[in-house]
1. Work out the charge dipole of the range 88-132 with +1 on the Cβ of Lys and Arg and -1 on the Cβ of Asp and Glu about the Cα centre, then indicate which of 109, 98, 122 is farthest towards its positive end.
2. What is the helix-to-structure angle for 17-29, meaning the angle in degrees between its Cα long axis and the longest Cα principal axis of the chain, kept from 0 to 90 and rounded to the nearest 10?
3. Before I look further, what does the chain give for accessible area per residue, probe 1.4 Å, in whole square angstrom?
4. Using the Cα atoms as the points, what is the convex hull volume per residue of the chain in Å³?
5. Could you state the angle between the C-alpha long axis of helix 64-75 and the longest principal axis of the C-alpha atoms of the chain, as a value from 0 to 90 degrees rounded to the nearest 10?
6. Applying a 10 Å radius around every beta-carbon, put 128-135, 61-68 in order of their mean neighbour count, most first.
7. Considering only protein heavy atoms and a probe of 1.4 Å, how much of the accessible area of the chain is carbon and sulfur, as a whole percent?
Amino acid sequence: MNYTSTPTILVTAAGGGVGQCVIRAARLHDPSIRIIGTDADPAAVGLYAADVACVTKRFTEEGHMQQMQDICEREHVDLLIPGIDPEILLFANERERFASVGTQVMAGSPRSIMLCRDKWETSRFFRERGLPFVRTWRLEEFGADADVDYPLIVKPT
C-alpha cells in the first residue's frame, strides 16, 4: 500500500452492515482516506457515504471480477475490503489479479478461509494445537450419554 499519498480503499457491498461499518471506521480513523463504495443495489446507503460510488454487477454474475479489477485500476485503489462473507474467498483466490493493478485484497489465505468456515475443522485445528476453543462435537458423536453442560447451541458445521 502506498502511504506517501492519501490511501484509497474500496469497500464492496457498501450497503450491507459490514460495508457501512468499514466506511464509518475508515472515516473515524482518518477522514482523508478516499473511499470507493461498490454495491449491486443503486439504493445502497453505503454508496452515498463513499467518496466515489460504483453500482456493480452482483458477485455471482459473469464479469464481476473484471469489473472490480477495472474499478481498482481506474481509481488507483490501494486496498480492497470485501463487505460480505461470500465474496471473501472469491477475492482471496484473485489476490494476484488485483495485485497486478496495485490493489491489495484484505482477506486471509483461501486455506484459512475454508478452515474458518467449517466449525468442526476449526475446533479440531485449535484442539490439535492445545489452544482454547469451545467444546465441539459432531452430531453423530453426540448422544444422550454425552457429557455436556446445558444450555448448548447446535449449529451446522
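1. Positive-end residue among those listed: 122.
2. On a 0 to 90 degree scale, this one is about 60.
3. Here the residues of the chain average 63 Å² of exposed surface.
4. 167
5. 50
6. 61-68, 128-135
7. 56
The values are calculated or read from the model by the stated rules, or taken from the named source; none is laboratory data. Source: prediction; values computed, not measured. Note that we place each Cβ from the backbone using ideal geometry, even for glycine, and neighbour counts take in every protein chain shown. The area values use the complete protein model at the heavy-atom level, side chains included, leaving out ligands, DNA and RNA. Shrake-Rupley method; radii C 1.70, N 1.55, O 1.52, S 1.80 Å.
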